[in-house]
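Coordinate-derived values only; no laboratory data. Computed from a prediction, not measured in an experiment: that's the story for all the values here. Glycine also receives a Cβ, built like all others from the backbone with ideal geometry; neighbour counts cover every protein chain displayed.
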Amino acid sequence: MPLLAQLQTIYQRKDQLWLLIWLGGTLLLWGWNRLFLNAPALARVETGFANTFIIALLVILLSAALGWLSGVGLYFLEKAGNSLPYLTLSFLLNIIRSIPQIVGILLGYILITVQIQSGALQRPGAVIPVIAMVISLFVFLEISDLVRERIAYYRKRDFYNAMQVCGIPEWQIVNREILWRNSLAHLFNKLISIFGVTIFLLCSIDFIISVGLSGNVSSVNLPATLGSLLAKIDSKQDILAIGHVLTHPGYLPRLFFEHLQGITVAFLIVFTLLCIYKIANGFARRHEL
Amino acid sequence: MRKKLLEHISSIILVSAIFLVLIYHFHSGYRQVQTRQDARIAPYLALDFIDYDDPLHKALLKESLNIFQPGQEPAHEALIRAIEAYRAAQIAALTRQQRNLQGLSFSKLGQLSGMYVNFILVYLIVMLLTYYGVQTLAVLRFIRLQQNRESYLAELASFLQRRFRDQPKTLHLRDLRRAAALLGKALLKGLLYLVLFSPAYVIAYSFKTRFDTDSIFFMVLLGVISNGLLITYAQKFFTFLVAESRKGYVQTAIVKNLENRYNLNAAGGVSLGRVLNFRKRFPGHVFQHIFINARYQYLATIKEQASFLITGLVIIEMALNIQGHLCYELMQNILYRQYDIVLTIILGIFLVVKGTELASDYWQYLEARRYDNEGMG
C-alpha cells in the first residue's frame, strides 16, 4: 500500500514522473544498445551523450551566475542613478538579445576554432568550458530578466521597506530575502528550461558545423556531442531509413537493429527535449509558478 | 514608447556602424591578404614525400620530431597545427581564386538582397502561422482543461478500472474498441509530441527520400512544426490563460451570469469555428475576457518567439544545405572566409530581429493604450 501511495504521489508530481520516465527511457535505450549496437559505436554515443550533458550543466551554472550578477547589477545601477554605466550595460544586453542565439553561438564557435588552430586552446578538456561560456553568453539573459522581474515584484511589497527601516542592507534584502528565499523555485524552473534550450542549440550548432563547415574545422578537435554524432554519414543514413519505412512498413523492425546508432542519437535528442519540457511544466505547476 | 523607440534606433545605428566598419575592413583586406608562410614551417613543407592530408603521415612526422628532439613535444604539436592552419588558409585562398570569390561586390549585394527578401518572406509566413497556431493550440488545451478531461492514458486507465469493477466477467467488443481508440489516441499524441520537439534536421532527414525538402513549402512547414517552437509558446499562452481564469474578475463575471460553459459547439458553450478563426472572439462568454488579457501578456513574448523562430530558420537553412538561401550563403562564406559577406548577412538578420522588436513594442503600446493606463509610458 505505501508503494501504491508513493506511485500515486509521483504520478501527481509530473516533474518527478517525467524525470523518472527520462531516466528509465535512457537506461532502457542504453541496455538495448549494449545488446545490439557494436562496441565502438556505443562508446561514441556514450561520449557524445556525456559531453552534451556536461556542457549543458556548465551552461546552467554559468547562466545562473551571469544572470544573477547582471540582473542585480542593473537594479543597483539604475537605483544609484548612475545613468551612464546603467545605460551602457542595458544597451549591451539588448544588443546580445537582438542577435539570434544560433548566429551568436556560431560566431563563438568560429573564434574557438581559431583559438584551437593557433594553439591558444590546447587541452581538449579546456574546450568544453569555453563552449559552455559561449552558449551561456546567449542564453543567460532569460535569468537576468527573471531576476529583475522578481526584484521589481517584491520591491512593491511592504516587507521591503520594513526591512530597510530595520537597517538591513539593501543588497542583503535583494540577494537573500528576494532571490534566495523567495525566488529559488522560479530560478530553478528557468534553469530547467535553459538546460533544454542548451541541448537544442548545442546539438544544432554541432550538426551544422559537422555538416556544413567540416572542411573548416576538420583539423580541430571539438568534443563529440549528440549533434556531431548525428551529422556523421552513418547516422544520417540511419535517419534516412525512417523515410523508407513510410512506403515499406515491413522495414520498421530493422530500424531497431540495423540503424541503431542514428536512431539512438536522434531519439536521445528528441526524447530529452520532450522530457525537459514536461519536467519544467510539472515543476511550474507543482510550485504554482 | 519614445524611450523604447530611441533605444532601438540607437542600437540599430551603433551596431550597423560597427558592422559597416568591419565589413569595410575585411573587404579592403582581400587584396592585401596573401597566405604568409611561417619561416618555421617552410622546411617541413618542402618535404615532398610527406602528404599532409594523410593523418598517418602527420602522426609519423610528429613522432619522428619527438624522437629526434625530445622534450619539445608541445612545440612539435604547435608546429603541426601551424602547418595545418597554413594549408587550410592556402586552400581557402585558392578556392577564392578559383571561384572568383572576391568578397562583397554590387552584383553579390544584389544576389544577397534577393535571398534576404526570400528569408523575410518565409519568416513572416512562419511567424503568422505560429501566431495563429500558438493561440489555437493553447485555447483548445484550455477548453479541454475546463471540461475536466484527463490525458488519454489516464482516461484509458479509469475506463478499464470502471469496466472491470462493474462487469468483471464479461468483455464486449465495444469495450475493446473504446480501449483501443484511447490507446491509439495516446500513441498518436506521443508521436505528435516527438515530432513537435524534433529539431528540424531530424524531421527533414527522416523524410528526405520521400519529399522535396528543399522547397519553400517544406521550409515553412518545418519552421512551424519543428524545434519545439509551436509547443513551447502554446504552453506559454496556455499558462497565461490559466492564470487569467483564476483572477477575481472572472469569478465576478460568472456570478453576473456571463456564459461559462466550455462545451464545444453546444448552446452557451464555445464554438469550434470561433476557436479556429484567425481573429478569435467569444462574445457573451467569460472566455472572451480571459483570452484578451492572456493575449495582451502574450504580446510581450512575441519578441522572444521571433528570435527563436529566426534561430530555427537559420538551423533549417544551414543544416539542410538549402542552396540559394541566405543562411546557406552565410555558411558557405564562413567556409571560404569571406567575412565581409558573412558580416553583411548577420547585419541583415540583426535588422530583421530589431524590426520585429520595434513592431512588437509598438503593437504592445497600442494595446496598452486600449486596456492599460499604466502601460502607456
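Of all the options B:Tyr123, B:Tyr249, B:Tyr233, the one that moves most in a Gaussian network model of chain B with Cα springs shorter than 10 angstrom is B:Tyr249.
D for chain B, whole µm²/s, Stokes-Einstein with Kirkwood Rh over alpha-carbon pairs at 25 °C and 0.890 mPa s: what number? After rounding, the answer is 94 µm²/s. Of B:Lys4/B:Lys354; A:Lys14/B:Lys236; A:Lys232/B:Lys58, which sit over 19 Å apart, Cα to Cα? The pairs that break the limit, which is 19 Å between Cα atoms, are A:Lys232/B:Lys58.
Neighbours of B:Leu5 by Cβ distance under 11 Å: Lys/Arg scored +1, Asp/Glu scored -1, total 0.
For the protein assembly as shown, what log10 I(q)/I(0) values come out of the Debye formula at q = 0.08, 0.09, 0.10, 0.11 1/Å, with one point per alpha carbon and no solvent? Normalising to I(0) and taking log10 leaves -0.72, -0.90, -1.11, -1.32.
Compute the Cα gyration tensor for region A:171-289, then decide on rounded, prolate or oblate, letting a ≥ b ≥ c be the square roots of its eigenvalues: rounded whenever a/c is under 1.5, prolate when a/b is larger than b/c in the other cases, and oblate in all that remain.
The shape class here is oblate.
Report summary: the helix-based calculation at 222 nm, which adds -39500 (n - 2.57) for every DSSP H run with n ≥ 4 and divides by the residues of chain B, gives -25000 deg cm²/dmol.
Shielding value for A:265-271 is 4, the average number of Cβ atoms from other chains within 10 Å of each residue's Cβ.
Relative to the longest principal axis of the Cα atoms of chain B, helix B:302-319 runs at roughly 50 degrees. Axis angle, to the nearest 10 degrees, between helix B:287-299 and the longest C-alpha principal axis of chain B: 10 degrees.
Considering only the Cα atoms of region A:45-286, their convex hull presents on average a projected area of 16.9 nm². Legend: helices of chain A (whole DSSP H runs) are marked when their alpha-carbon atoms reach 27 angstrom or more along the helix axis and their mean Kyte-Doolittle hydropathy is at least 1.0; marked are A:39-80, A:184-212, A:260-286. For the peptides A:89-99, A:186-196, residues were scored by their other Cβ atoms within 10 Å and the scores averaged per peptide; the highest-first order is A:186-196, A:89-99. Among A:105-116, B:179-190, the peptide with the highest mean count of other Cβ atoms within 10 Å heads the list, and the full ranking is A:105-116, B:179-190. P(r) for region A:1-60, from all Cα pairs and a bin width of 5 Å, is 4, 15, 15, 19, 16, 12, 11, 7, 2, 0 %, short bins first.
Out of B:Asn257, B:Asn66, B:Asn148, any idea which swings most in a Gaussian network model of chain B, alpha carbons joined below 10 Å? Checking each option, the largest mean-square fluctuation is seen for B:Asn66. Look at the stretch B:79-87: the mean tally of other chain Cβ atoms within 10 Å of its residues' Cβ atoms is 3.
Within straight cross-link reach of A:Lys79, meaning Cα distance under 17 Å, which lysines are found once same-chain residues fewer than 8 apart are removed? Here the lysines satisfying the reach criterion relative to A:Lys79 are A:Lys156. Mean per-residue shielding of peptide B:233-246 is 1, counting Cβ atoms of other chains within 10 Å of each Cβ. With only the Cα atoms considered, region B:98-179 has a convex hull volume of 200 Å³ per residue.
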